[in-house]
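For reference, the structure is listed below as structure tokens.
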Amino acid sequence: MGIPWSQMFAVARHVMKQRIAGRTRYPLVLMLEPLFRCNLACTGCGKIQYPTALLKKHLSVEDCLMASDECGAPVVSIAGGEPLLHPQISEIVRGLIGRGRFIYLCTNALLLEDKLDQFEPDPHLSFSVHMDGPRTEHDASVCRAGVYDKAVAAIRAAVHRGFRVTTNTTLFDGANPDRMRRFFDDMMALGIEGMMISPGYSYRKAPDQDHFLRREQSHRLFSRMLAAPARRWRFNQSPLFLQFLMGKRDFDCTPWGNPTYNIFGWQRPCYLLQDGYARTFRELMEQTEWSRYGHASGNPRCRDCMVHCGFEPTAINTSFGSLRGMGETALALVKERR
Amino acid sequence: MIDALLDRAFDYRGYVTLSQRDGGRLVGFIYDRGPAHVELFDEAARRRIRLPVDQITGVEFTGEDSAARAQQIWERRKGALEPADTAAWGDWSEPGPRDRRGRRGPRARRPVLILVALPAELRSVAGALGARRGGGGARGRLGAVRAVALAVGVGGGAARAVAAERPGLVISCGFAGALDPALVPGDLVLASSVRDEAGESIAASEPVLGAARRVLDSGDPACLAEGELLCTTEVAATAEAKRALIRPGRLAVDLESGPAAHAARRAGVAWLALRVVLDPLDADLPAFALAARASYVVPALRHALRGPRAAAELAELARRARTASRSLSRALGRLAPVVGGLADAEPAS
């Protein structure tokens, strides 16, 4: 597993504290979307289709820090839109680091090399670079030529300067497992800390509606892709979540695990669905009808979802929630390394 | 009926116009829908409005559906990709610098591009930018402005660099040979014009020169001279070769400033040539220094092994190079406060 011990310890401590306090619903990762504007228009993205006045809007530094304080999650994933388009992104990052948060700054890396000077390497900061596969697949996915090469150059520059770098790969129908395995080799050879993988969510607002993976397709794809993993591969994810993707384990969604905050407020119920907004984090947690979401609910919009923002929290809660969970996680880690 | 329309409006990625019971009409983007209310942003996305459902009598879909438009564009393109040279900022311009009231200017602030020929020169520049070198370049800040320093070698690398970086100002930096007997190692030469071997001369922009002159010509042990810079295609390595190039008003000779000035002029960008004297008029350069190399360590050692005279010659060259590097680094530091203004200056006609 590619997650540093300090981060794992912080997450484990957070889970224990919540359990001791008797809380059954608590956040693990704040999904912070400081803006919706993006410098790409990816085929599978349903996040950025808004009128221009809303795309020009962004959260202030104070808004972002307040959201993090309200939520209390030890990890903050800064998504969007493209966060590096935010004029004060470095101030947001510094403020969050100052609060002891572990940050994944999700970026397509088009501006990363130019913006590196605005950041300092820090164990609490990781650039999570969007890479949807080998050059041809990635450029097709982001609908622009040359993006793979620019992202690779930015990853090299960031690694060279001592930053933590991970990759974030979303997979769609048609992904070739063998080519993906070579892609994992290529990414690890760049010196990154680890990789994150997930099937794409079938956003109804995304331009391409024909290539989202159904649940069984996801199982087949991930089983072939992750069978006999190479020793050098490191995943910045729970090994139990990877087993879930391969169909070896069944989880239900923990939609409150990765609460989302953006210009509209606290998004109900999760990062992917937009059933309205709460004004405060407490209102989100207390007034959302959570039983309407997840596989068990029968909600058709949740039926094929296997995205990490809902199931990784389940995996983490399983890992740190009991001795048995810890044992299973340790076993999965050993199997992963064979 | 209204409930169904509001459900649709909540799912709609565009503006809707709501008719209200009191006869008013409200245009906005609905982002929240409760059992008894809707919440929307006004058209300018500045004001949040919460409206009771029982106050709404009609819903019109008056704005374009952004999601439908994205799907149509994607279908029209049929898999064709945007070209690789599409702006990295996409449809969004880079915000300009803030003014005293914290407002951002409308223009994107382009970087300063500092062109040097040799890795040895890049070291001095990278030091001034507070940046690490890597991949033949260094990226950092000069004052409040983003700066990119590239070692482009001798010849045509300047044009490629200007096209790739789209700078607001090009600075040609590095070592030069003195053609004025008064100039000593470490002295700075600010080019009022650059002339090539064919006799073509490009004048520097007066506002750029003036601003640079004001900050460089103060409080420094190194002398600042302003005049013509000759750009040749081969190193003038001996005192005799340099003397043959002397003309009235001509201060120094280098290999790089001409291509840099040409590239900047073609791109419509202001430029500045700031050179530092490495070898005075009466000094010869050792033969190994004539060719551009990534590293001079091995050839220099070979040269030193020729005998005591060669070793002394090498030590003297190393001393001059250190003096010149320090002087160049200091000069860039002094340019830092004004370089933001220079980056928006008009190039000379």
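Derivation of every value follows stated rules applied to the coordinates shown; laboratory data play no part. Worth saying up front: this structure is predicted, and the values here are computed from it rather than measured. When we count neighbours, we look across all protein chains shown, and the Cβ atoms used for this are built from the backbone with ideal geometry, even at glycine.
Assorted remarks:
- Longest to shortest principal axis, alpha-carbon extents of region B:147-198, angstrom: 39, 29, 20
- When B:Glu60, B:Glu121 are sorted by how many other C-beta atoms sit within 10 angstrom of their C-beta, beginning with the fewest, the order is B:Glu60, B:Glu121.
- This model, with +1 at the C-beta of Lys and Arg and -1 at the C-beta of Asp and Glu, gives region A:1-112 a dipole about its Cα centre of some 360 debye.
- Distance in nm between pseudo-label sites at A:Leu333 and A:Thr136 (7 Å out along the Cβ direction from Cα): 3.8
- Taking θ as phi - 60° and the Karplus parameters 6.51, -1.76 and 1.60, the scalar couplings of region A:181-186 work out to 5, 5, 4, 4, 4, 4 Hz in sequence order, x denoting glycine and proline.
- Divide the volume of the convex hull around the Cα atoms of region A:152-239 by the residue count and you get 119 Å³ per residue.
- Working note: Karplus 6.51/-1.76/1.60 with θ = phi - 60° gives region A:269-279 the couplings x, 8, 5, 9, 9, 10, 9, x, 9, 9, 7 Hz, where Gly and Pro are set to x.
- Full-extension gain in nm, B:Asp284 to B:His37, via 0.36 nm per residue minus C-alpha separation: 80.4 nm
- For region B:164-240 versus region B:110-144, the spacing of their alpha-carbon centroids is 18 Å.
- If R0 is 41 Å, the Cβ-Cβ spacing of B:Ala198 and A:Gln118 corresponds to a FRET efficiency of close to 0.40.
- Hypothetical label at A:Arg99: residues of region A:52-85 whose amide nitrogen lies under 13 Å (7 Å Cα-Cβ projection): A:60-78
- Estimated [θ] at 222 nm from DSSP helical runs (n ≥ 4, -39500 (n - 2.57)) normalised by residues in the protein assembly as shown, nearest 500: -11000 deg cm²/dmol
- Just checking the listed ones, B:Ser19, B:Ser201, B:Ser193: in the Gaussian network model of chain B with Cα springs under 10 Å, the one fluctuating most is B:Ser19.
- Enclosing the Cα atoms of chain B in their convex hull gives a volume equal to 193 cubic angstrom per residue.
- Convex hull of alpha carbon positions in chain A: directionally averaged projected area 15.3 nm².
- log₁₀ of I(q)/I(0) at q = 0.18 Å⁻¹ - region A:190-338, Debye sum with one point per alpha carbon: -1.14
- Cys residues of chain A counted as unpaired, since no other Cys beta-carbon is under 4.7 Å: A:Cys38, A:Cys64, A:Cys71, A:Cys106, A:Cys143, A:Cys253, A:Cys270, A:Cys302, A:Cys305, A:Cys309
- Between the beta carbons of B:Thr57 and B:Asp91, assuming R0 = 30 Å, the FRET efficiency works out to 0.20 to the nearest 0.05.
- With a threshold of 24 Å on the Cα-Cα distance, the over-threshold entries among A:Lys56/A:Lys205; A:Lys17/A:Lys47; A:Lys150/A:Lys335; A:Lys115/A:Lys205; A:Lys205/B:Lys78; A:Lys57/A:Lys150 are A:Lys17/A:Lys47; A:Lys150/A:Lys335; A:Lys115/A:Lys205; A:Lys57/A:Lys150.
- Dipole-positive endmost among B:Ala260, B:Ala178, B:Leu40 within the protein assembly as shown (Cβ charges, Cα centre): B:Leu40
- With the convex hull of its Cα atoms as the shape, region A:46-115 has an orientation-averaged projected area of 5.1 nm².
- Residues with amide H under 5 Å from that of B:Val38, placed H, sequence gap 5 or more: B:Leu51, B:Val53
- Once the chain from A:Glu289 to A:Ile20 is taken as fully extended at 0.36 nm per residue, the excess over their C-alpha distance is 94.4 nm.
- Principal axes of region B:131-239: Cα extent on each, largest first, Å: 36, 35, 26
- Table column - 3J(HN,Hα) (Hz), region A:88-100, Karplus curve with 6.51, -1.76, 1.60, x for Gly and Pro: 10, 4, 5, 5, 4, 4, 4, x, 6, 4, x, 8, x
- For B:Phe175, the residues 5 or more places off, or on other chains, whose built amide H falls under 5 Å of its own are B:Val276.
- The value given for the protein assembly as shown is a Kirkwood hydrodynamic radius of 28.3 Å, derived from the mean inverse Cα-Cα separation.
- For B:Trp271, the residues whose amide H sits under 5 Å from its own are B:Val170, B:Ser205, B:Ala348, ignoring neighbours fewer than 5 places away on the same chain, with H placed 1.01 Å from N.
- Computed label-point distance, nm, for sites B:Val215 and A:Leu323 using a 7 Å Cα→Cβ extension: 6.7
- Ordered by the number of other Cβ atoms lying within 10 Å of each residue's own Cβ, fewest first, B:Arg320, B:Arg50 fall into the sequence B:Arg50, B:Arg320.
- Spin-label model, A:Glu62/A:Arg214: points 7 Å from Cα along the beta carbon direction are separated by 5.1 nm.
- Rg/Rg_globular for region A:1-140, with Rg_globular taken as 2.2 N^0.38 Å and Rg from C-alpha atoms: 1.12
- Distance from region B:252-313 to region A:135-188 (C-alpha centre basis), Å: 41
- Footprinting exposure proxy ranking of B:Asp196, A:Asp208, fewest other C-beta atoms within 10 angstrom first, gives B:Asp196, A:Asp208.
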